[in-house]
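Working notes, structure below.
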Amino acid sequence: MPKPFVFRLEKVLEYRRQLEDQARMALAHAQARHKAQQEVVKDVETRLTDHVDRGFGAKASQADIWLWMQYRQALERDFAAAKAELQRLASILQHCRQEAVLRSREKKLLEKLKDRQAKKHNVAENLAEQKEFDEMSTLRYEPKDS
């Protein structure tokens, strides 16, 4: 009866699988945050464009013009801040992608090692079993007298 294959680094492989799962979850979270921030940037840009396109009107008083300009400046500041946050989130997203790829590579490396060791184990077990069968057949062989 062949002995079952036991991978001595199974705990390490499980740990690497956990790290890969965590990296994937972080990547998904970063992608969601990046997408949400893109929507914020689009919204602020749309509001700014609409505000500038509407203008302040022909019969606007000095106070109306001042309010219009203040709101436009506030929208421009919001737009710049939203773009900066989008850049920051894009950097985090890129880092998470690299981390996920690295974790995946590390896990695949151990899985390949496990596969190679399992194949070697199976070959060695098959050879040992064949050798045992050969010895039994040699011992049981009785030559026929001619």
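Each reported figure results from applying straightforward, stated rules to the coordinates on display, with no laboratory input. On a predicted model such as this, the values are computed, not experimentally measured, just so you know. Note: ideal-geometry Cβ built from the backbone for every residue, glycine included; neighbour counts use all protein chains shown.
Computed values, structure above
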quantity: Summed residue charge, Cβ within 14 Å of V12's Cβ, Lys/Arg positive, Asp/Glu negative; calculated: +4
quantity: At R0 = 35 Å, FRET efficiency that the Cβ-Cβ distance of E85 and D53 yields, to 0.05; calculated: 0.90
quantity: Cβ charges +1 (Lys, Arg) and -1 (Asp, Glu), total dipole of the stretch 10-110, debye; calculated: 400 debye
quantity: Gap separating the Cα centres of the stretch 10-89 and the stretch 103-136, nearest whole Å; calculated: 54 Å
quantity: The chain: angle of helix 10-54 to the longest principal axis, Cα-based, in degrees nearest 10; calculated: 20 degrees
quantity: Directionally averaged shadow of the chain, computed from the convex hull of its alpha-carbon atoms, nm²; calculated: 14.8 nm²
quantity: Residue-averaged [θ]222 nm for the chain, counting only DSSP H segments that reach four residues, each worth -39500 (n - 2.57); calculated: -32000 deg cm²/dmol
quantity: FRET efficiency, 1/(1 + (r/R0)^6) with R0 35 Å, evaluated for A74 and R97 via beta carbons; calculated: 0.50
quantity: When the stretch 68-116 is reduced to its Cα atoms, the Kirkwood hydrodynamic radius in Å; calculated: 13.9 Å
